[in-house]
1. Treating only the Cβ of Lys, Arg, Asp and Glu as charged (+1, +1, -1, -1), what charge dipole size does the chain show about its Cα centre? Round to the nearest 20 debye.
2. Sorted from fewest to most neighbouring beta carbons within 10 Å, what does the list Lys12, Lys73, Lys18 look like?
3. Sort all Cα-Cα distances of the chain into consecutive 5 angstrom bins from zero, then give the percent of pairs in each bin up to the one containing the longest distance.
4. With a 10 Å Cβ neighbour count serving as the proxy for reagent exposure, in which order, fewest first, do Ser84, Ser63 appear?
5. Extension gain Leu94-Glu46, at 0.36 nm per residue separation less the Cα-Cα distance, in nm?
6. Helix-only estimate, please: 222 nm mean residue ellipticity of the chain, summing -39500 (n - 2.57) across DSSP H runs of length 4 or more and dividing by its residues, to the nearest 500.
7. Ranked by Cβ crowding within 10 angstrom, fewest neighbours first, how are Leu74, Leu34, Leu94 ordered?
8. Normalised by the number of residues in the chain, what is the relative contact order in percent for Cα pairs under 8 Å and 6+ residues apart?
Amino acid sequence: MTELSSTQIREKIRNGEKFLLDFYAPWCGPCKGLMTLIERVENQVELPIYKFNVDSDPKFTSSQNVRSVPTIKLFDGENFVKTSTGMMNESSLLNFAKNE
């Protein structure tokens, strides 16, 4: 899973890319668990999954309405699709990624 900067994320949104974004913090225990799960299932998902350290740009984090971590957002270009906050199991993550 590739880590992106806020500038890179904004560029992907502007370019109309569809992707999942994992908002995490290095000090967050549940974030580590979710990241392990994402790494385990990312080859089963047909879209790119990126991660973003919320501590690297709090202003961007706030602009994305992220209030707690872990938070996953599904983007389809400039159209934000949906959000999930907190841990999830493997089937929930796969359904989220498939937008089911």
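1. Numbers: 12 positive and 13 negative charges, 48 e Å.
About 240 debye.
2. Working: Lys12 18, Lys73 21, Lys18 15.
The most exposed by this proxy come first: Lys18, Lys12, Lys73.
3. Values per bin, smallest distances first: 2, 13, 28, 27, 20, 9, 1.
4. The fewest-first ordering by Cβ neighbours comes to Ser63, Ser84.
5. On the way: separation 48, 0.36 × 48 = 17.28 nm, distance 1.01 nm.
Value of the extension gain: 16.3 nm.
6. The helix-only estimate for the chain comes to -10000 deg cm²/dmol at 222 nm.
7. Fewest-to-most ranking of Leu74, Leu34, Leu94: Leu94, Leu74, Leu34.
8. RCO, the chain: 38 percent.
None of the figures in this text is laboratory data; all of them are computed from the coordinates on show. These figures come from a predicted structure and were not determined experimentally. Cβ atoms come from the backbone with ideal geometry, glycine included; neighbour counts cover every protein chain shown.
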